[in-house]
Amino acid sequence: MGNLKVKKAIIPAAGFGTRFLPATKAIPKEMLPIIDIPTIQYIVEECIDSGIEEILIIDNDSKQEIRRHFSIDERLEKKLYETNKIHELKLVHDIATRIKISYVQQNNPRGLGHAVSLGEEWANNEPVVVLCGDDIMVNKNGLPVTKQLIDAYERTNSSILGVQEILRENVHKYGVITPIIMDGRLIQISDVVEKPKTEDAPSNYATLGRYVLSPKIFEYLKTQTPGAGGEIQLTDSIRRLMKEEKVYAYNFEGVRYDAGDKFGYVSAVIDFALERDDLREKVLEHLKKKLNCK
């Protein structure tokens, strides 16, 4: 496989966002703001903070807002400059210039595996990070989650699945690993199954939207047949990859917010607000008033 450095990341963002209708009829779910920053921007910033140099966003033809967000807007920047809004000018300029972003359209979403497969030519036989567009990861006092997985990949020279322990009752929502050897947070695995029944789950370690994958994965994605939900599942191709290469999981340190879920989204908004000096006291006061009314 070779000891290639991980420099590229794929962010699948072509889903319809049906859990947030009617808002997502006109606004991509990835652009829903956590206060004043779109969800997908947090994911891009995680890539930058982890040393990624290039990103490929898998979108569709109804998500032009994502491309606009990460592009230079000369008219807006000119207006901000003329009105001496230098802080705001820096914010919008940095979004468009900090990292190289390319795009591929997936106009008929057929699952995560299919979305990732569209990045084969762009990946150019290099390992890639896959970051699901719904998942915001926060590790306030340590390494970004993506950086943790990249370090594990470079240590093992093997594909890495980002996992955490979840409640047994929720295993049917995720890919779940079969651990065989645990070395601290690094876990060698023998299998991973997509959305198992509770009674059939091999563990309660779930894959949570972060992967570092060897370039070999694309060979399997090209021939992958539909799996759970009738979709091309990335998990199914990883299972096939495991017959040729070792695959590990990494029990990453950090908090994961599922911003594609209503409660996960609200939790992120509240928690992020409580971390901001301009909002913390007001939000605390509001929550106290609400709780005292109960």
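The values are calculated or read from the model by the stated rules, or taken from the named source; none is laboratory data. On a predicted model such as this, the values are computed, not experimentally measured, just so you know. Cβ: placed from backbone, ideal geometry, glycine included. Neighbour counts: every protein chain shown. Note: areas computed on protein heavy atoms with side chains; ligands, DNA, RNA excluded. Shrake-Rupley method; radii C 1.70, N 1.55, O 1.52, S 1.80 Å.
Just flag the chymotrypsin sites (Phe, Trp or Tyr not before Pro) in segment 1-72 sitting in loop per DSSP whose Cβ has no more than 15 other Cβ atoms within 10 Å.
On the way: sites: 16, 20, 42, 70; in loops: 16, 70.
Passing sites in segment 1-72 are 16.
Take every Cα pair under 8 Å whose residues are at least 6 apart in sequence, average their separation, divide by the length of segment 1-140, and the relative contact order is 41 percent. For segment 136-266, what is the number of Lys pairs with C-alpha distance below 18 angstrom, counting only pairs 8 or more positions apart or on separate chains? Eligible lysine pairs with Cα atoms under 18 Å apart amount to 6. With protein chains left intact and a 1.4 Å probe, residues in segment 1-69 average 44 Å² of accessible area per residue. For the chain, the Cβ-based charge dipole about the Cα centre amounts to some 500 debye (Lys, Arg positive; Asp, Glu negative; other atoms uncharged). Average 1/r across all pairs of distinct alpha carbons in segment 169-294, invert it, and you get the Kirkwood radius: 17.3 Å. Ranking 287, 267, 226 by how far each Cα lies toward the positive end of the dipole of segment 215-294 (charges on Cβ) leaves 287 at the top. Which angle between 0 and 90 degrees, to the nearest 10, do you get for helix 262-274 versus the longest principal axis of the chain when only C-alpha atoms count? Value to nearest ten degrees: 50. All C-alpha to C-alpha distances of the chain, sorted into 10 Å bins beginning at zero, yield P(r) values of 6, 26, 35, 22, 9, 2, 0 percent in whole numbers.
Once you reduce segment 48-108 and segment 117-167 to the center of their Cα atoms, the two points are 22 Å from each other. Each part gets one Cα centre, and for segment 4-38 versus segment 215-294 those centres are 12 Å apart.
In the chain, a dipole from Cβ-located charges (positive for Lys and Arg, negative for Asp and Glu) runs towards its positive end, and of 122, 39, 156 it is 39 whose Cα lies farthest in that direction.
Sites counted here are GluC sites (Glu not before Pro) in a DSSP loop (not H, G, I, E or B) having no more than 15 other Cβ atoms within 10 Å; the longest part of the chain that contains none of them is 54-243.
The angle between the Cα long axis of helix 145-156 and the longest principal axis of the Cα atoms of the chain comes to about 30 degrees, rounded to the nearest 10. Each helix, a run of at least 4 DSSP H residues, gives -39500 (n - 2.57); summed and divided by the residues of the chain, these come to -9500 deg cm²/dmol at 222 nm.
Size of the dipole of segment 87-151 about the Cα centre, Lys and Arg at +1 and Asp and Glu at -1 on the beta carbon, nothing else charged, in debye to 20? All intermediate terms of the calculation are to be shown ahead of the outcome.
Values: 6 positive and 8 negative charges, 35 e Å.
With Lys and Arg at +1 and Asp and Glu at -1, about 160 debye.
Taking the longest Cα principal axis of the chain as reference, the axis of helix 280-292 is set at about 80 degrees.
Taken over the alpha carbons of segment 76-122 as equal point scatterers, the Debye sum produces base-10 log I(q)/I(0) values at 0.34 Å⁻¹ of -1.15.
When the accessible area of segment 1-105 is split by element with a 1.4 Å probe, what percent falls to carbon and sulfur? Answer for segment 1-105: carbon and sulfur cover 53 percent of the accessible area. Using θ = phi - 60° in the Karplus curve 6.51 cos²θ - 1.76 cosθ + 1.60, the 3J(HN,Hα) couplings for segment 42-54 round to 4, 6, 4, 5, 4, 4, 4, 5, 9, x, 5, 9, 9 Hz; x is entered for Gly and Pro. Distance between the pseudo-spin-label points of residue 267 and residue 186 (7 Å out from Cα toward the beta carbon): 3.0 nm. Taking the 1.4 Å solvent-accessible surface of segment 200-240 as the whole, the part contributed by carbon and sulfur is 42%. Computed over the chain, relative contact order equals 22 percent, with contacts defined as Cα pairs under 8 Å that lie 6+ residues apart.
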